[in-house]
Amino acid sequence: MSMFATKSIDRIRAEAAENQHGLKRVLSATDLTTLGIGAIIGTGIFVLTGQAAAAHAGPAIVLSMVLAGFASALAGLCYAEFASTVPISGSAYTYGYATLGEFVAWIIGWDLILEYALGAATVAVGWSGYVVSFLHDIGITFPAALSSAPGTIITLADGSTTSAVFNLPAVLIAVAVTALLVVGIQESARVNAVIVVVKVAVVLLVIGAGAMYLDTANWSPFIPENSGQFGVFGWSGVVRGAGVIFFAFIGFDAVSTAAQEAKNPQRDMPIGILGSLVVCTLLYVAVSGVMVGLVPYTQLGVAAPMAVAIDAARVKSAGSALAPLIAVLPMLVKLGAIAGLSSVMVVMMLGQPRVFLSMANDGLLPAWARKIHPKYRTPHVTTILTGVVVSLAAGFTPINILGELVSIGTLLAFVIVSVGILMLRIKRPDIERPFRVPAVFVVAPLSALVSFGLMAGLPWHTWERLIIWMVLGVVVYFAYGYRHSHLRRDNEAA
């Protein structure tokens, strides 16, 4: 059937080579690595680490971090091979088209909206919360009714309550990031690089200052005895903790959407994807070890666990030369979180328009979705469309609904990419692969199984929303994409 026809790697490469007048190739391996770090380091390192330690792993959260990083690396290796073999924007959509057929590619492209657009919306809501908190710390009270999704009941300082209208800060940051991305990929990458330096510096400062006041007694027992329930401490707790914090690693795959803007994608894409994963895993392991060394892990099950750990360091440092520095760390952490979430939004909202662009180039979306700005050489129409979607979702949707949809959408993409790597190795063993997944017939199936296993652990209502979203996508495909597919048209003509 034509809906399952695959698009040859040779054709995809030829189309990428014709891109001289399209997207600008300006990104280096360093730019791509900082994009990956910018996408990965967000709420995970500031929130999920402490909560997973308190509820599941205890001090062994360090092992959970290593395990989660390993699971992410499995998918990262698959993405790296695809990105070097098929150096074109579109990420998992393009990879699915080359290996599993047009219909599966459409499903992935439709699914990636959940990851990138709704992912950016989720981060915008988190950004709003940190900004409102930071403003409060410096004596500025932001209107509560304009800082949450409609209907959210907010308790005011005097004990009274009010109902939120919409989340204004989340809308404003979405508009600002959209404007930045329209202006240019190189400018966006530079802003992201500066933000990454700021937030990594904050994380390193926390690690360095916190390490001076560790209490090794807090690391014992390193793996608390299991409570009798799976996932509550013991080795099963280490595994469950890895599942919880796995989502702190999501974002590296967005690097692959910038393949057509990389100077040397065959070499630089694997460096960007795997390099960002290595850096973030090392930072995550170090910061989690410091946090559970500063305070008993039972105290970290709060909304801001890093703040709890820093406060303990502040108390222990009283009278020392480091006391003034540690006293301002809580404020720096909030600034680091705001910066971190900003860069995550930049990368997420950079990825979505490029997926739309690839789908439009294949005829599966209208021609206006493939327009490139004559001056800035960016996909400005789809960038603005993405900004509108992100703004509406961030302003009017609760963060828990957004977060669960992002998780299941991302994991589905990981499963399909892992299967696609196997299919391509079997169907086209001869093709040039600048980067090859080692032990591919072990790594790729393991990656698919790990990702699907994490999907299976998500609540049923999240699956319901995914199914409804996918049914809607199938309707759109047959109403427009199938009838306008360039590949189908060319095959019928042949």
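The values are calculated or read from the model by the stated rules, or taken from the named source; none is laboratory data. Treat the numbers as computed from the prediction; the structure is a model and nothing was measured. Positions of Cβ are generated from backbone atoms using ideal geometry, with glycine treated the same way; all protein chains shown enter the neighbour counts.
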message: Looking only at the range 209-267, filter to residues that are aromatic (F, W, Y) and closer than 18 Å to F414 by Cβ; which one of those is farthest from the chain's Cα centre (by Cα)?
response: F246
- prompt: Hey, L214 hits all of (1) in a helix (DSSP H, G or I); (2) in contact with a Gly (Cβ under 6 Å, 6 or more places away or on another chain); (3) under 22 Å from L325 (Cα atoms) but one; which does it fall short on?
  reply: (1)
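Have a look at L332, L294, L300 and point out the one that is farther than 30 Å from Y79 by Cα, in contact (Cβ under 8 Å) with a residue 60 or more places away in the chain and surrounded by fewer than 23 Cβ atoms within 10 Å (Cβ to Cβ).
Unique residue meeting the criteria: L332.
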task: Return the total of residues in the range 265-309 being within 17 Å of A217 (Cα to Cα) and of a type in the set (S, T, N, Q).
output: 3
query: Of all residues in the range 226-238, which are crowded, with 19+ Cβ neighbours inside 10 Å and closer than 16 Å to P59 by Cβ?
result: F233, G234, G237, V238
- request: Output the number of residues of the range 260-293 satisfying the condition of being modelled with pLDDT of 85 or more and either on the phi > 0 side of the Ramachandran plot or of a type in the set (S, T, N, Q) (or both).
  value: 3
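Return the residue satisfying two criteria in turn: it lies in the range 436-475 and is of a type in the set (D, E, K, R) and over 20 Å from W106 (Cβ atoms), and of such residues it is surrounded by the most Cβ atoms within 10 Å (Cβ to Cβ).
The residue in question is R436.
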message: Among the residues in the range 356-373, are any surrounded by fewer than 24 Cβ atoms within 10 Å (Cβ to Cβ), charged (D, E, K, R) and outside any helix (DSSP H, G or I)?
response: yes
- line: Filtering the range 306-325 for residues that are buried (at least 18 other Cβ atoms within 10 Å of the Cβ) and either closer than 25 Å to A73 by Cβ or without any contact (Cβ under 8 Å) to a residue 12 or more places away in the chain (or both) leaves a count of 1
- request: Residue by residue through the range 89-148, note down the ones that are over 12 Å from I416 (Cβ atoms) and either touching a Pro at 6+ places or on another chain (Cβ under 6 Å) or assigned to a loop (DSSP other than H, G, I, E, B) (or both).
  value: S89, G90, S128, V131, I138, G139, I140, T141, F142, P143, S148
task: List the number of the failed condition for F134; all other conditions in (1) free of Cβ contacts under 8 Å to residues at least 60 places away in the same chain; (2) buried (at least 16 other Cβ atoms within 10 Å of the Cβ); (3) not β-branched (V, I, T) hold.
output: (1)
task: Restrict the check to the range 270-281 and report whether at least one residue is out of contact with any helix residue (DSSP H, G or I) (no Cβ under 7 Å at 6 or more places or on another chain) and touching a residue at least 40 places away in the same chain (Cβ under 8 Å).
output: no
- line: When R377 is run through (1) in contact with a His (Cβ under 6 Å, 6 or more places away or on another chain); (2) on the phi > 0 side of the Ramachandran plot, the failure sits at (1)
